[in-house]
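Colleague: Sharing a structure with you now.
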Amino acid sequence: MRGLPKHAKGALEKARDSALLAVEVYNKPAVKFKSGGFITLMVIAWTALFHAIFFKKKVKPYHRKESGRFVRIDGDFKHWELDESLSQYYKADTGNPVRKNLEFFVPLRNRIEHRSMPELDASIFGECQAMLLNFDEMVEKEFGGKFCIRESLSFAL
(Lines give C-alpha, C1' and ligand atoms only; values in the text may rest on other atoms or scores of the structure.)
Protein backbone atom coordinates (compact mmCIF):
# COMPACT_ATOMS: atom_id res chain seq x y z
CA MET A 1 0.00 0.00 0.00
CA ARG A 2 3.03 2.15 -0.43
CA GLY A 3 2.39 5.39 -2.24
CA LEU A 4 -1.20 5.78 -1.10
CA PRO A 5 -2.23 8.68 1.12
CA LYS A 6 -2.51 7.67 4.79
CA HIS A 7 -6.31 7.92 4.91
CA ALA A 8 -6.68 5.97 1.65
CA LYS A 9 -4.44 3.21 2.96
CA GLY A 10 -6.38 2.92 6.24
CA ALA A 11 -9.75 2.88 4.46
CA LEU A 12 -8.54 0.26 1.96
CA GLU A 13 -7.29 -2.00 4.76
CA LYS A 14 -10.64 -1.64 6.53
CA ALA A 15 -12.48 -2.43 3.30
CA ARG A 16 -10.47 -5.58 2.62
CA ASP A 17 -10.71 -6.81 6.22
CA SER A 18 -14.47 -6.23 6.30
CA ALA A 19 -14.97 -8.11 3.04
CA LEU A 20 -12.90 -11.08 4.24
CA LEU A 21 -14.82 -11.13 7.53
CA ALA A 22 -18.10 -11.04 5.58
CA VAL A 23 -17.10 -14.16 3.65
CA GLU A 24 -15.93 -15.87 6.84
CA VAL A 25 -19.27 -15.19 8.57
CA TYR A 26 -21.26 -16.37 5.55
CA ASN A 27 -19.30 -19.61 5.25
CA LYS A 28 -19.50 -20.64 8.91
CA PRO A 29 -21.81 -23.64 9.10
CA ALA A 30 -23.26 -22.97 12.57
CA VAL A 31 -24.05 -19.27 12.01
CA LYS A 32 -27.75 -18.55 11.51
CA PHE A 33 -27.25 -14.83 10.83
CA LYS A 34 -25.33 -15.51 7.57
CA SER A 35 -26.98 -13.02 5.24
CA GLY A 36 -27.35 -10.37 7.92
CA GLY A 37 -23.71 -10.55 8.94
CA PHE A 38 -22.53 -10.72 5.35
CA ILE A 39 -24.64 -7.76 4.21
CA THR A 40 -23.67 -5.60 7.18
CA LEU A 41 -19.95 -6.30 6.80
CA MET A 42 -20.03 -5.88 3.00
CA VAL A 43 -21.78 -2.51 3.32
CA ILE A 44 -18.95 -1.50 5.65
CA ALA A 45 -16.43 -2.88 3.15
CA TRP A 46 -17.94 -1.01 0.19
CA THR A 47 -18.28 2.23 2.16
CA ALA A 48 -14.63 2.04 3.23
CA LEU A 49 -13.58 1.18 -0.33
CA PHE A 50 -15.31 4.26 -1.70
CA HIS A 51 -13.71 6.36 1.04
CA ALA A 52 -10.30 4.97 0.02
CA ILE A 53 -11.01 5.87 -3.60
CA PHE A 54 -12.06 9.40 -2.66
CA PHE A 55 -9.02 9.90 -0.42
CA LYS A 56 -6.76 8.65 -3.23
CA LYS A 57 -8.37 11.25 -5.51
CA LYS A 58 -7.89 13.93 -2.84
CA VAL A 59 -11.65 14.24 -2.26
CA LYS A 60 -12.73 14.44 1.38
CA PRO A 61 -15.77 12.14 1.78
CA TYR A 62 -17.29 14.15 4.61
CA HIS A 63 -20.67 15.79 5.06
CA ARG A 64 -20.65 19.58 5.04
CA LYS A 65 -22.84 22.14 6.75
CA GLU A 66 -24.46 24.94 4.73
CA SER A 67 -21.57 27.13 5.87
CA GLY A 68 -19.15 24.80 4.07
CA ARG A 69 -17.59 23.51 7.29
CA PHE A 70 -17.41 19.77 7.84
CA VAL A 71 -19.98 18.12 10.10
CA ARG A 72 -18.49 16.48 13.18
CA ILE A 73 -19.88 13.75 15.41
CA ASP A 74 -18.12 13.14 18.71
CA GLY A 75 -15.16 15.14 17.39
CA ASP A 76 -14.74 13.11 14.17
CA PHE A 77 -15.77 14.10 10.68
CA LYS A 78 -19.07 12.58 9.57
CA HIS A 79 -18.17 10.43 6.56
CA TRP A 80 -20.49 9.81 3.63
CA GLU A 81 -22.66 6.72 3.95
CA LEU A 82 -22.80 4.18 1.14
CA ASP A 83 -25.77 5.95 -0.53
CA GLU A 84 -23.91 9.26 -0.70
CA SER A 85 -20.71 7.54 -1.82
CA LEU A 86 -22.61 5.90 -4.68
CA SER A 87 -24.05 9.27 -5.71
CA GLN A 88 -20.64 10.93 -5.62
CA TYR A 89 -18.81 8.11 -7.44
CA TYR A 90 -21.35 7.26 -10.15
CA LYS A 91 -22.89 10.75 -10.47
CA ALA A 92 -25.67 10.58 -13.10
CA ASP A 93 -24.96 6.94 -14.07
CA THR A 94 -27.99 5.56 -12.23
CA GLY A 95 -28.15 2.42 -14.38
CA ASN A 96 -24.69 1.09 -13.54
CA PRO A 97 -25.10 -2.59 -12.55
CA VAL A 98 -22.63 -2.37 -9.64
CA ARG A 99 -24.49 0.65 -8.31
CA LYS A 100 -27.83 -1.16 -8.73
CA ASN A 101 -26.50 -4.19 -6.83
CA LEU A 102 -25.35 -2.00 -3.93
CA GLU A 103 -28.58 0.01 -3.90
CA PHE A 104 -30.41 -3.32 -3.50
CA PHE A 105 -28.50 -3.97 -0.27
CA VAL A 106 -28.75 -0.55 1.43
CA PRO A 107 -32.40 -0.93 2.54
CA LEU A 108 -31.73 -4.54 3.58
CA ARG A 109 -28.82 -3.41 5.73
CA ASN A 110 -31.02 -0.73 7.28
CA ARG A 111 -33.67 -3.33 8.08
CA ILE A 112 -31.09 -5.68 9.57
CA GLU A 113 -29.61 -2.95 11.76
CA HIS A 114 -32.75 -1.12 12.80
CA ARG A 115 -35.55 -3.67 12.76
CA SER A 116 -35.50 -7.37 12.02
CA MET A 117 -33.74 -9.68 9.65
CA PRO A 118 -36.02 -11.16 7.02
CA GLU A 119 -35.37 -14.80 6.03
CA LEU A 120 -33.31 -14.29 2.90
CA ASP A 121 -30.34 -16.64 2.67
CA ALA A 122 -31.44 -18.72 -0.31
CA SER A 123 -33.23 -15.98 -2.22
CA ILE A 124 -30.34 -13.47 -2.34
CA PHE A 125 -27.33 -15.76 -2.77
CA GLY A 126 -26.70 -14.50 -6.32
CA GLU A 127 -26.84 -10.85 -5.28
CA CYS A 128 -24.42 -11.56 -2.40
CA GLN A 129 -22.01 -13.32 -4.77
CA ALA A 130 -22.21 -10.37 -7.18
CA MET A 131 -21.60 -7.92 -4.33
CA LEU A 132 -18.39 -9.76 -3.42
CA LEU A 133 -17.12 -10.19 -6.99
CA ASN A 134 -17.91 -6.55 -7.82
CA PHE A 135 -15.97 -5.51 -4.72
CA ASP A 136 -12.85 -7.32 -5.85
CA GLU A 137 -13.17 -5.94 -9.39
CA MET A 138 -13.47 -2.40 -8.02
CA VAL A 139 -10.40 -2.90 -5.82
CA GLU A 140 -8.46 -4.08 -8.87
CA LYS A 141 -9.73 -1.21 -11.05
CA GLU A 142 -8.94 1.50 -8.51
CA PHE A 143 -5.86 0.14 -6.70
CA GLY A 144 -4.46 -2.73 -8.76
CA GLY A 145 -4.49 -6.51 -8.57
CA LYS A 146 -2.09 -6.75 -5.63
CA PHE A 147 -4.85 -5.45 -3.34
CA CYS A 148 -7.51 -7.94 -4.46
CA ILE A 149 -8.91 -10.38 -1.92
CA ARG A 150 -9.57 -13.28 -4.30
CA GLU A 151 -6.22 -14.87 -3.44
CA SER A 152 -7.16 -14.82 0.26
CA LEU A 153 -10.42 -16.71 -0.24
CA SER A 154 -10.09 -20.41 0.43
CA PHE A 155 -13.45 -21.01 -1.23
CA ALA A 156 -16.02 -18.78 -2.81
CA LEU A 157 -19.10 -17.47 -1.03
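The values are calculated or read from the model by the stated rules, or taken from the named source; none is laboratory data. Just so you know, these numbers come straight off a predicted model, no measurement behind them. We place every Cβ from the backbone using ideal geometry, glycine too, and count neighbours over all the protein chains shown.
Colleague: Starting from the range 22-33, take each residue that is over 14 Å from I44 (Cβ atoms) and at pLDDT 85 or above and list its partners that are surrounded by 15 or more Cβ atoms within 10 Å (Cβ to Cβ) and among the acidic types (D, E), counting only C-beta distances under 7 angstrom and pairs at least six apart or across chains.
Modeller: none
Colleague: If the requirement is being modelled with pLDDT under 95, exposed (fewer than 14 other Cβ atoms within 10 Å of the Cβ) and either part of a loop (DSSP other than H, G, I, E, B) or among the hydrophobic types (A, V, I, L, M, F, W, C) (or both), which of these qualifies: G68, G95? Give the steps one after another, and end with the answer.
Modeller: Details: G95 fails: modelled with pLDDT under 95.
None of the other options fit; the residue is G68.
Colleague: Please give the number of the condition F135 fails out of (1) modelled with pLDDT of 95 or more; (2) surrounded by fewer than 18 Cβ atoms within 10 Å (Cβ to Cβ).
Modeller: The number of the failed condition is (2).
Colleague: Residue check: is I44 without any contact (Cβ under 8 Å) to a residue 40 or more places away in the chain, in contact with a Ser or Thr (Cβ under 8 Å, 6 or more places away or on another chain) and surrounded by fewer than 21 Cβ atoms within 10 Å (Cβ to Cβ)?
Modeller: Values: without any contact (Cβ under 8 Å) to a residue 40 or more places away in the chain: yes; in contact with a Ser or Thr (Cβ under 8 Å, 6 or more places away or on another chain): yes; surrounded by fewer than 21 Cβ atoms within 10 Å (Cβ to Cβ): yes.
In short, yes.
Here's the yes/no breakdown for (1) of a type outside the set (S, T, Y); (2) at negative phi; (3) out of contact with any helix residue (DSSP H, G or I) (no Cβ under 8 Å at 6 or more places or on another chain); (4) free of Cβ contacts under 8 Å to residues at least 60 places away in the same chain:
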{"position": "R72", "(1), (2), (3), (4)": "yes, yes, yes, yes"}
{"position": "L86", "(1), (2), (3), (4)": "yes, yes, no, yes"}
{"position": "K91", "(1), (2), (3), (4)": "yes, no, yes, yes"}
{"position": "T94", "(1), (2), (3), (4)": "no, yes, yes, yes"}
{"position": "R99", "(1), (2), (3), (4)": "yes, yes, no, yes"}
{"position": "F104", "(1), (2), (3), (4)": "yes, yes, no, yes"}
